[in-house]
Amino acid sequence: MPRPRIWKETISNTKKLWKLGKEKSRNAYDLKTKVYGLNDLINREFLERYHVESLYPGKKKRIEMLEKSTPERLYNPFYQLKG
């Protein structure tokens, strides 16, 4: 049986996944989501728009601005709950 989740660790791992998703391949991101057992669909959509400039023109720059100003918006709002 897997060990119980620690909320702060889950949030930390989600942030690590964002960084990994920006810097590494989609495959590396997918593998790590399985290791962590996390699948943040909001974060995944941001990464899709970040990497596929041809389908989402101008989104990469907008996401980078969002990351600097309000990074919590890159993740599921569920992670803002106190655990």
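Bear in mind these aren't lab numbers, they're just calculated from the coordinates by the rules spelled out. If you're wondering where the values come from, they're calculated on a predicted model, not measured in any experiment. Please note: Cβ atoms are built from the backbone with ideal geometry, for glycine as well, and neighbour counts cover all protein chains shown.
Things worth noting here:
Okay, residues lined up against (1) surrounded by 13 or more Cβ atoms within 10 Å (Cβ to Cβ); (2) of a type in the set (A, V, I, L, M); (3) touching a helix residue (DSSP H, G or I) at 6+ places or on another chain (Cβ under 8 Å):
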{"position": "Ile6", "(1), (2), (3)": "no, yes, no"}
{"position": "Asn27", "(1), (2), (3)": "no, no, no"}
{"position": "Asp40", "(1), (2), (3)": "yes, no, yes"}
{"position": "Lys60", "(1), (2), (3)": "yes, no, yes"}
{"position": "Leu66", "(1), (2), (3)": "yes, yes, yes"}
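- Within the range 4-56, the set of residues being closer than 17 Å to Thr70 by Cα and in contact (Cβ under 8 Å) with a residue 40 or more places away in the chain comprises Ile11, Thr14, Lys15, Trp18.
- Selected residue (only one of Leu17, Leu55 is surrounded by fewer than 13 Cβ atoms within 10 Å (Cβ to Cβ) and in contact with an Asp or Glu (Cβ under 9 Å, 6 or more places away or on another chain)): Leu55
- Scanning the range 68-83 for residues that are farther than 14 Å from Trp7 by Cβ and either assigned to a helix (DSSP H, G or I) or touching a helix residue (DSSP H, G or I) at 6+ places or on another chain (Cβ under 6 Å) (or both) yields Lys68, Ser69, Pro71, Glu72, Arg73, Leu74, Pro77.
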